[in-house]
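> Before anything else, here's the structure in question.
The values are calculated or read from the model by the stated rules, or taken from the named source; none is laboratory data. Values in this document were obtained by computation on a predicted structure and should not be read as measured data. Reconstructed Cβ throughout: ideal geometry from the backbone, glycine too, with neighbour counts over all protein chains shown. The area values use the complete protein model at the heavy-atom level, side chains included, leaving out ligands, DNA and RNA. Shrake-Rupley method; radii C 1.70, N 1.55, O 1.52, S 1.80 Å.
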Amino acid sequence: MRRTMVAGNWKMHGTRASVAELITGLSALTVPSGVDVAVFPSFLHIGQAIDGLKGQAIAVGAQNVAVQPEQGALTGEVASSQLADAGCTLVLVGHSERRQLIGESDEVLIRKFAAAQAQGLTPVLCVGETLEQRQAEQTLEVVGRQLGSVIEALGIEVFARAVIAYEPVWAIGTGLTATPQQAQDVHAAIRAQLAAENAEVAQGARLLYGGSVKAANAVELFGMPDIDGGLIGGASLNADEFGAIIRAAGN
Ligand code: 13P
C-alpha cells in the first residue's frame with residue numbers, strides 16, 4: 001500500500017511573521033496515520049520551519065537545490081548536503097515555474113535530482129503540460145518525455161526513492177483544476193511508463209497531483225486509484241485549508 005502524501009509548496013511567499021503564524025496553525029493539526037505531510041518553504045524560512053515544526057509529523061523540504069551535492073564555490077546556490085544537514089528530507093525538482101520562468105533544462109534538473117539523492121533527500125519530480133500542449137493532445141507525450149529523460153539518465157531504480165508530481169501548467173494558480181479523470185489518466189500513464197521498466201518500482205511510486213487543489217476538490221482527486229496525494233500551492237499557505245486537504249487525504 002502506498003502512503004498518501006500531502007505537500008505544501010509555499011513558493012516565493014512568506015515573511016518571518018507570516019511563516020511563524022503558519023507554523024502555529026500547522027502545529028495544531030492532527031495528521032492522520034496513513035498520511036505523510038511535508039512543506040516546502042523558501043530557503044530563507046527552512047530553518048524557521050524545521051525549528052518550529054520539531055516534534056510534529058510534518059517534514060520540511062526545499063524548493064530547489066544546487067546541481068552538485070557537496071559544498072563549494074557556487075555563489076547563491078544551496079547544496080543538498082547543506083539541506084540534509086539543516087534537517088530537510090525532500091526537494092522539489094523540475095517545477096514548471098523553474099522550467100519555464102528560470103529556463104531550467106532537463107540536463108540541469110537531472111543533475112539536481114541526482115544531487116538530492118546523493119545526500120539521502122527524496123526528490124519530488126514535477127512534470128506537466130502547458131494548455132497549448134493539452135489542446136494539441138500532446139499531454140501524454142510531453143509528460144512521458146519529461147519523465148523519460150530522467151529514467152534514461154539515471155535509471156528506473158532511482159524512482160524507488162523519489163516522488164512524482166503531475167502538475168498541469170494550466171491548472172497551477174489559475175483556479176482551474178484537472179478533473180479527477182483527466183488527472184487519473186495522466187497518472188495511469190506515468191505508472192505504466194514506470195511499469196514498463198520495473199513493475200515493483202511502479203507499484204510503490206507515489207504520484208501526486210498538483211494544480212489548484214483545495215479542500216473542496218481534494219476528496220475526489222485523492223479518490224482516484226493512481227493519485228497518491230497532492231502538491232498544493234496557494235491553499236497550503238492557509239493552515240485551515242491545508243489541514244482540510246490533509247483530512248481529505250486521510251479518508
Ligand atoms: P496551486 O495549488 O497554487 O495551483 O499551485 C500548485 C503548484 O504549483 C504546487 O507546486
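> Against the condition open to solvent by 60 Å² or more (accessible area, probe 1.4 Å), more than 21 Å from TYR209 (Cβ to Cβ) and in contact (Cβ under 8 Å) with a residue 12 or more places away in the chain, how does ALA118 come out, does it pass? Outline the logic, then answer.
Working: open to solvent by 60 Å² or more (accessible area, probe 1.4 Å): yes; more than 21 Å from TYR209 (Cβ to Cβ): yes; in contact (Cβ under 8 Å) with a residue 12 or more places away in the chain: yes.
When the stated conditions are applied, ALA118 passes them.
> Take GLU70 and tell me if it is on the phi < 0 side of the Ramachandran plot, away from the ligand (no atom under 14 Å from the Cβ) and charged (D, E, K, R).
Values: on the phi < 0 side of the Ramachandran plot: yes; away from the ligand (no atom under 14 Å from the Cβ): yes; charged (D, E, K, R): yes.
Answer is yes for this residue.
> Which of the residues spanning the stretch 159-181 are over 27 Å from GLU197 (Cβ atoms), modelled with pLDDT under 95 and among the small types (Gly, Ala, Ser)?
Those that are over 27 Å from GLU197 (Cβ atoms), modelled with pLDDT under 95 and among the small types (Gly, Ala, Ser): GLY173, GLY175.
> Just give me the residues in the stretch 92-108 being touching a residue at least 40 places away in the same chain (Cβ under 8 Å) and within 16 Å of the ligand (Cβ to nearest atom), in sequence order.
Result: LEU92, GLY94, HIS95, SER96, GLU97, GLN100.
> A further question on this structure: Name the residue that is farthest from the ligand (Cβ to nearest atom), counting only residues in the stretch 140-184 that are over 22 Å from GLN203 (Cα atoms) and among the polar types (S, T, N, Q).
THR179
> I'd like the full set of residues that are buried (at least 18 other Cβ atoms within 10 Å of the Cβ) and within 14 Å of the ligand (Cβ to nearest atom), limited to the stretch 227-243. If you could, list the steps in order and put the result at the bottom.
Initially, the stretch 227-243 is screened for residues buried (at least 18 other Cβ atoms within 10 Å of the Cβ), giving 227-237, 239, 241-243.
Correct list: GLY229, GLY230, LEU231, ILE232, GLY233, GLY234, ALA235, SER236, LEU237, GLU241, PHE242.
> Look at the stretch 185-226 and say how many of its residues are open to solvent by 10 Å² or more (accessible area, probe 1.4 Å) and of a type in the set (A, V, I, L, M, F, W, C).
So in the stretch 185-226, the residues open to solvent by 10 Å² or more (accessible area, probe 1.4 Å) come out as 185, 188-189, 191-193, 195-201, 203-204, 206, 212, 214-217, 219-220, 222-226.
Subset that is of a type in the set (A, V, I, L, M, F, W, C): 188-189, 192, 195-196, 199, 201, 215-216, 219, 222, 224.
Total satisfying the criteria: 12.
> Within the stretch 40-83, track down each residue that is small (Gly, Ala, Ser) and open to solvent by 10 Å² or more (accessible area, probe 1.4 Å). Walk me through it before giving the result.
Step one: list which residues in the stretch 40-83 are small (Gly, Ala, Ser), which gives 42, 47, 49, 52, 55, 57, 59, 61-62, 66, 72-73, 76, 79-81.
Matches in the stretch 40-83: SER42, GLY47, GLY52, GLY55, ALA57, ALA59, GLY72, ALA73, GLY76, SER81.
> Among the candidates ASN251, ASN217, ASN238, which residue alone is of a type in the set (S, T, N, Q) and either farther than 21 Å from GLY34 by Cα or touching a Cys at 6+ places or on another chain (Cβ under 8 Å) (or both)?
Values: ASN251 fails: either farther than 21 Å from GLY34 by Cα or touching a Cys at 6+ places or on another chain (Cβ under 8 Å) (or both); ASN217 fails: either farther than 21 Å from GLY34 by Cα or touching a Cys at 6+ places or on another chain (Cβ under 8 Å) (or both).
Exactly one residue qualifies, and that residue is ASN238.
> Which count do you get for residues in the stretch 191-216 that are among the aliphatic types (A, V, I, L, M), more than 16 Å from the ligand (Cβ to nearest atom), within 14 Å of VAL143 (Cα to Cα) and touching a strand residue (DSSP E or B) at 6+ places or on another chain (Cβ under 9 Å)? Show your work before the answer.
Step one: filter the stretch 191-216 for residues among the aliphatic types (A, V, I, L, M), giving 192, 194-196, 199, 201-202, 205, 207-208, 213, 215-216.
The next check asks that each one be more than 16 Å from the ligand (Cβ to nearest atom); those that pass are 192, 194-196, 199, 201-202, 205.
Pick out the ones that are also within 14 Å of VAL143 (Cα to Cα) and you get 192, 194.
Checking the rest, the ones that are also touching a strand residue (DSSP E or B) at 6+ places or on another chain (Cβ under 9 Å) come to 194.
Result for the stretch 191-216: 1.
> Between GLY128, GLY103, GLY94, GLY173, which is open to solvent by 40 Å² or more (accessible area, probe 1.4 Å) and within 16 Å of the chain's Cα centre (by Cα)?
Sole residue among the options that is open to solvent by 40 Å² or more (accessible area, probe 1.4 Å) and within 16 Å of the chain's Cα centre (by Cα): GLY173.
> Every residue in the stretch 1-17 that is within 16 Å of the ligand (Cβ to nearest atom) and outside any strand (DSSP E or B), please. Write out each step before concluding.
To start, the set of residues in the stretch 1-17 that are within 16 Å of the ligand (Cβ to nearest atom) comprises 5-14.
The answer is TRP10, LYS11, MET12, HIS13, GLY14.
> A further question on this structure: How many residues are without any contact (Cβ under 8 Å) to a residue 60 or more places away in the chain and farther than 18 Å from THR179 by Cα when one looks only at the stretch 206-236?
Matching residues across the stretch 206-236 total 0.
> Every residue in the stretch 27-44 that is within 16 Å of the ligand (Cβ to nearest atom) and touching a helix residue (DSSP H, G or I) at 6+ places or on another chain (Cβ under 8 Å), please.
VAL37, VAL39, PRO41
> Considering THR179, THR139, which residue is buried (at least 21 other Cβ atoms within 10 Å of the Cβ) and either more than 19 Å from the chain's Cα centre (by Cα) or of a type in the set (S, T, N, Q) (or both)?
The unique qualifying residue is THR139.
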